[in-house]
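> Submitted below is the structure of interest, expressed as structure tokens.
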Amino acid sequence: MTMLFDSHAHYDDEKFDNIREEILSGITSGDNICPCGVGYIVNAGCDIQSSRFSVALSEKYGFMYAAVGIHPHEAQNADEKWFEEIESMLSHPKVCAIGEAGLDFHYDFSPREIQKKVFERQMLMSQKTGYPIIVHDREAHGQTMEVVSQYKTVGVMHSFSGSCEMAKELIKKGWYVSYSGSVTFKNAVNLAETVQYVPDDKLLIETDAPYLAPVPYRGQLNTSKHAYATAQKIADLKHKDVEYILEITQSNAKKLFNIQ
């Protein structure tokens, strides 16, 4: 059975501090939660510290890859040294993407204008270096797409929460769309509908671990193995076999992140 590719996680999160080693040491083994096991994980940075942590995890675990970047929550803390170090990290053999970057108008932990500037800076870095970008978009769909449309680069809209129209626009640009456990929630009817508009070859699955655990694990600490339930939901929505979804999402993630 094809192993699962979790395209977005945060194992640097403090929620994993006492159990990180235990979880990751058994992540590749199949069990009743994830019979295929997890073969690949991209750990996404949110600031300079978590980006460093992501790189360190990628050095420790063969299945782990790192994305390095500045989350909108941390945008107000970014300085020139952060950008310089993040760009230098791109030369590391296990770093596969920039991010997560983007806009978050739900919490507004950083002023919106600063969020936009930091997002644009990372989009430009992606365009300049050729590395894909992982984008966070929460309650900022229009503004996010305005920024995305200005740059010639490819990326993934992580934990997608937009409309069918937004999905179509991303696909036109050659972007990928990633679904987390939120697509399994009972109130996510409109989100589930968007799955029909994402071509199979532009589809990714993720956990956003330790957050957004899918049904039937909602409310629990999320780990990469739980993404198997998300794969099953996507398979149902697309009227496909779960093995096919595992195969195509692994293939797509390897292509986007240039992983052999």
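The values are calculated or read from the model by the stated rules, or taken from the named source; none is laboratory data. On a predicted model such as this, the values are computed, not experimentally measured, just so you know. Cβ coordinates were reconstructed from backbone atoms using ideal geometry, including for glycine residues, and neighbour counts include every protein chain displayed.
> Does any residue of the stretch 45-67 turn out to be touching a residue at least 60 places away in the same chain (Cβ under 8 Å) and more than 20 Å from Gly99 (Cβ to Cβ)? Outline the logic, then answer.
Filtering the stretch 45-67 down to residues touching a residue at least 60 places away in the same chain (Cβ under 8 Å) leaves 65, 67.
Narrowing further to those that are more than 20 Å from Gly99 (Cβ to Cβ): none.
Checking the stretch 45-67: not a single residue is touching a residue at least 60 places away in the same chain (Cβ under 8 Å) and more than 20 Å from Gly99 (Cβ to Cβ).
> Would you pick out the residues in the stretch 29-46 that are in a loop (DSSP other than H, G, I, E, B) and buried (at least 19 other Cβ atoms within 10 Å of the Cβ)?
Cys34, Cys36, Gly37, Gly45, Cys46
> Which members of the stretch 127-151 meet the condition of being hydroxyl-bearing (Ser, Thr, Tyr) and more than 21 Å from Gln76 (Cβ to Cβ)?
Matches in the stretch 127-151: Thr129, Tyr131, Ser149, Tyr151.
> Within the stretch 159-169, track down each residue that is among the hydroxyl-bearing types (Ser, Thr, Tyr) and buried (at least 17 other Cβ atoms within 10 Å of the Cβ).
Ser159, Ser161
> Among the residues of the stretch 111-133, is there at least one that is closer than 30 Å to Tyr228 by Cα, in a strand (DSSP E or B) and in contact with a Lys or Arg (Cβ under 8 Å, 6 or more places away or on another chain)?
Looking through the stretch 111-133, none of the residues is closer than 30 Å to Tyr228 by Cα, in a strand (DSSP E or B) and in contact with a Lys or Arg (Cβ under 8 Å, 6 or more places away or on another chain).
> Looking only at the stretch 183-212, how many residues end up being surrounded by fewer than 16 Cβ atoms within 10 Å (Cβ to Cβ), among the β-branched types (Val, Ile, Thr) and under 18 Å from the mean Cα position of the chain (by Cα)?
0
> What is the one condition in (1) exposed (fewer than 14 other Cβ atoms within 10 Å of the Cβ); (2) among the small types (Gly, Ala, Ser); (3) farther than 20 Å from Tyr179 by Cα that Gly142 does not satisfy?
(3)
> When you scan the stretch 3-22, do you find a residue that is within 16 Å of Tyr131 (Cβ to Cβ) and touching a residue at least 40 places away in the same chain (Cβ under 8 Å), even just one?
yes
> Something else about it: Pick out the one residue from Ser91, Ser58, Ser110, Ser51 that is at pLDDT 95 or above and buried (at least 24 other Cβ atoms within 10 Å of the Cβ).
Ser51
> Moving on to the next point. Does the stretch 148-158 contain at least one residue that is closer than 26 Å to Thr230 by Cα and surrounded by fewer than 21 Cβ atoms within 10 Å (Cβ to Cβ)?
Yes, the stretch 148-158 contains at least one residue that is closer than 26 Å to Thr230 by Cα and surrounded by fewer than 21 Cβ atoms within 10 Å (Cβ to Cβ).
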